[in-house]
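Here is the structure we will look at.
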Amino acid sequence: MIYNAPTKDMLFLLTEWLGIERLSALPGYEEVDTDIIEAVLEEAGKFCTTELLTINRDGDEHGAVHEDGKVRTPPGFKQAYQQFIENGWTTIDANPDHGGQGLPKVLQNQIDEMLGATNLSFKLYAELSHAAYHLLDSTASDDIRDLYLPKMVEGTWSGTMCLTEPHCGTDLGLLNTKAVPNDDGSYAITGSKIFITSGDHDLTENILHLVIARIDGAPEGSRGISLFLVPKYIVNDDGSVGDWNKVVTSSIEHKMGIKGSATCALNFDGARGLLIGEENRGLAAMFKMMNTERLTVGIQGLGFADIAYQNALAYAHDRLQSKAPGERPAGGKAADPIIYQPEMQRQLLTIRSQVEGARALAAFAGLHVDIMERSADPEAAADAGQTVALLTPVVKAFLSDLGLASTVSAQGIYGGHGYVREHGMEQLVRDCRITQIYEGTNEVQALDLVARKLTGKTGEFADRFLAQWQEVLGGHSANEELAFVTGPATAALERLVETTAWLRGQLETDRAIAHGAAYQYLHQFALTIIACLWADIVAGIADKQGAFYDAKRKVARFYMQQVLPETTALAAKIRDGADALAEFGVADFGD
Ligand SMILES: Cc1cc2nc3c(=O)[nH]c(=O)nc-3n(C[C@H](O)[C@H](O)[C@H](O)COP(=O)(O)OP(=O)(O)OC[C@H]3O[C@@H](n4cnc5c(N)ncnc54)[C@H](O)[C@@H]3O)c2cc1C
């Protein structure tokens with residue numbers, strides 16, 4: 001398996017298209033420039049290709065193992081993790097107060113794409129830790145932050161997110177885990193959590209579990225959930241690791257993919273937990289963590305789509321099969337490389353045009369996370385926060401769907417050789433599948449977009465967001481050289497505005513119809529916004545020549561002609577197909 005880190009494209013998006021000055025204008029990022037971004041991306045690309053891609057297959061074959069009550073990571077993971085923390089990859093966007101480098105989130109997102117592409121199982125050990133760190137940094141008391149966070153940034157302690165229980169995944173309001181106050185102000189946590197990523201492993205000396213539980217006497221449902229920090233080993237006041245804290249790993253899951261990642265069932269048996277944030281406000285705090293995680297999970301899907309594309313392209317150059325109908329290579333052999341087959345080109349370009357567009361969407365969302373967190377202008381920060389809220393479910397669901405669709409399509413380019421293990425394509429398909437499920441299934445992301453983000457104040461913002469893009473595209477309408485991108489993008493945006501208004505009407509009159517259309521709407525939304533971004537990119541490079549920019553224009557044209565038309569079908573299915581879905585009741589399915 002090969003991987004060429006897409007450093008050039010990432011650098012272009014961040015420094016040329018979005019503009020490095022937008023980052024360096026933010027307080028704390030004054031020193032960030034193109035050279036720093038380029039150096040970090042290049043090092044990350046090297047690390048991922050040489051250290052992580054090389055152990056990805058072993059991770060799949062050996063998997064994480066649960067033996068004698070302990071979890072062992074696959075061969076090579078320990079050495080790679082040591083290298084990972086020594087190189088400072090746990091410190092990128094962490095707070096300098098805890099030993100972090102304080103670099104932009106959007107840069108972290110781009111590194112995340114490389115990590116996810118080359119070895120998602122490995123990445124997950126650090127990923128939940130990264131999310132737990134940021135949750136504690138924004139919510140915990142100073143004492144807790146001082147005692148625990150430097151170790152997390154150093155990478156010698158890791159973190160988890162313990163939400164799911166056997167009977168509750170999506171609907172966390174049903175949870176049973178209990179928290180009983182101890183005399184010393186801590187709580188005794190008792191309950192069973194399942195599917196906990198990196199819940200136990202041998203990479204770090206301590207594991208900090210962020211656990212949601214209900215304090216005795218708290219209200220039922222999601223309004224009675226609190227958040228606790230429950231270390232695997234008690235942390236003494238001087239920061240040393242003390243006694244075991246009654247957290248038992250009862251088993252690990254045997255899964256379809258990401259076998260190198262330990263997915264654990266944990267029993268908390270009166271474990272000592274510290275309340276984080278206010279009582280009964282745990283779910284809101286946890287959602288903060290889940291929201292950044294959701295962007296990251298979407299970006300995992302993007303990484304899969306890209307590595308699948310790169311390998312399928314290399315294979316298509318090598319594989320000789322059939323004579324091509326049009327352009328043929330010089331030298332005239334009995335069969336041509338399959339890259340000369342227009343259908344192979346169509347499939348490859350379908351992936352590439354969406355990968356490059358989706359990478360732009362991820363960078364756009366990532367930049368807005370930085371503005372939201374750093375801008376000195378409260379209005380700009382609030383506006384960016386709304387953009388992030390609107391785009392989070394879109395990035396999570398659309399990019400992870402793109403990941404699976406692309407890995408399957410790239411696997412097909414190998415014919416039968418993609419179905420067998422040899423080339424690693426079937427592992428990509430299996431590993432990628434989870435991205436659609438965890439951190440809230442994609443169905444639930446679609447509901448979030450439609451039922452929450454299109455209504456109330458966020459709904460007003462969604463309208464403003466679409467109107468802003470209408471204005472941007474309108475600003476280019478007189479430029480005929482851009483019509484090949486602005487024309488289709490403008491038409492698609494008009495369609496999206498109409499579908500949005502119709503869907504909002506359904507939310508008021510018949511919510512079931514709106515919910516039934518949510519998934520399709522999320523795809524219409526994503527494909528359309530990506531078209532707007534493509535148009536903006538092409539407008540921004542209008543006076544630039546050279547192979548990189550010429551390819552961007554050609555790929556953008558392909559997107560407009562071969563991918564974007566899907567939005568017409570989606571709009572029709574959403575509006576004209578609503579009745580057919582509504583009239584088929586549960587009883588019609590039979591038993
Ligand atoms: C490998 C792996 C790693 C994981 N890591 C973690 C972790 O670290 N921490 C953690 O807490 N959890 C973790 N999870 C749990 C994961 O987040 C849940 O599996 C996921 O949120 C779905 O919950 P569920 O499995 O209970 O499915 P359910 O909630 O039972 O859903 C079943 C189906 O119903 C659909 N559905 C449910 N409600 C609605 C609705 N309102 N509208 C439309 N459709 C709906 C869902 O989309 C899904 O298709 C992990 C899971 C796996 C498999």
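Overall shape: oblate for the range 7-142, with the ratio a/c of the largest to smallest alpha carbon gyration tensor axis at 1.5 or above and b/c at least equal to a/b.
Pairs of Lys residues in the range 158-280 are counted when their Cα atoms are under 16 angstrom apart and they lie 8 or more places apart or on different chains; the count is 5. Translational diffusion of the range 305-422 was estimated from the Stokes-Einstein equation, with Rh taken as the Kirkwood radius over Cα pairs; at 20 °C and 1.002 mPa s the coefficient is 129 µm²/s. Membrane-span-like helices in the chain (whole DSSP H runs, Cα extent of at least 30 Å along the helix axis, mean Kyte-Doolittle hydropathy of at least -1.0): 105-139, 282-318, 342-374, 378-413, 483-509, 511-540. Here LYS544 is the anchor, and the aspartates and glutamates within straight C-alpha reach of less than 20 Å, apart from those fewer than 8 places off in the same chain, are ASP9, GLU16, GLU21, GLU356, GLU480, GLU481, ASP536.
Just check the range 481-591 against the gyration tensor rule for me: Cα atoms, a ≥ b ≥ c as the square roots of the eigenvalues, rounded for a/c under 1.5, and otherwise prolate or oblate depending on whether a/b exceeds b/c.
Cα axes put the range 481-591 in the prolate bin.
Working value for the range 465-518: equivalent-ellipsoid semi-axes of 30, 10, 6 Å, each the square root of 5 times a Cα gyration tensor eigenvalue, largest first. Counting lysine pairs in the range 7-142 that sit 8 or more residues apart in sequence, or on different chains, and whose Cα atoms lie under 22 Å apart gives 9.
For chymotrypsin sites (Phe, Trp or Tyr not before Pro), the sites in the range 517-591 that DSSP calls loop and that have at most 11 other Cβ atoms within 10 Å are PHE584.
Sites listed here are trypsin sites (Lys or Arg not before Pro) in the range 544-591 whose DSSP assignment is loop and whose Cβ has at most 15 other Cβ atoms within 10 Å: LYS544. Antiparallel versus total DSSP beta bridges in the chain: what percent is that, nearest 5? Expressed as a percentage, antiparallel bridges in the chain total about 80. Peptides 325-334, 173-182, ordered by how many other C-beta atoms sit within 10 Å of their residues on average, highest first, read 173-182, 325-334. Sorting 234-245, 335-346, 55-66 by average packing, meaning the other beta carbons within 10 Å per residue, from highest down gives 55-66, 335-346, 234-245.
Normalised by 2.2 N^0.38 Å, where N counts its residues, the alpha-carbon radius of gyration of the chain equals 0.98. Here the Kirkwood formula puts the hydrodynamic radius of the range 8-76 at 15.0 Å, using every distinct Cα pair.
Express the C-alpha Rg of the range 318-357 as a ratio against the empirical globular expectation 2.2 N^0.38 Å, rounded to two decimals.
Details: Rg = 11.7 Å, N = 40, 2.2 N^0.38 = 8.9 Å.
Rounded to two decimals, the normalised Rg is 1.31.
Only helices enter this figure: runs of n ≥ 4 DSSP H residues, each worth -39500 (n - 2.57), summed and divided by the residues of the chain, yield -18500 deg cm²/dmol at 222 nm to the nearest 500.
Pull out a ≥ b ≥ c, the square roots of the eigenvalues of the alpha-carbon gyration tensor of the range 158-280, then state rounded if a/c is under 1.5, prolate if not and a/b is larger than b/c, and oblate in the remaining case. It is oblate, given that a/c is not under 1.5 and a/b is not larger than b/c.
Each reported figure results from applying straightforward, stated rules to the coordinates on display, with no laboratory input. Only a predicted model underlies this, so the values are computations on that prediction, with no experimental measurement involved. Every residue, glycine among them, receives a Cβ derived from its backbone with ideal geometry; neighbour counts consider all protein chains shown.
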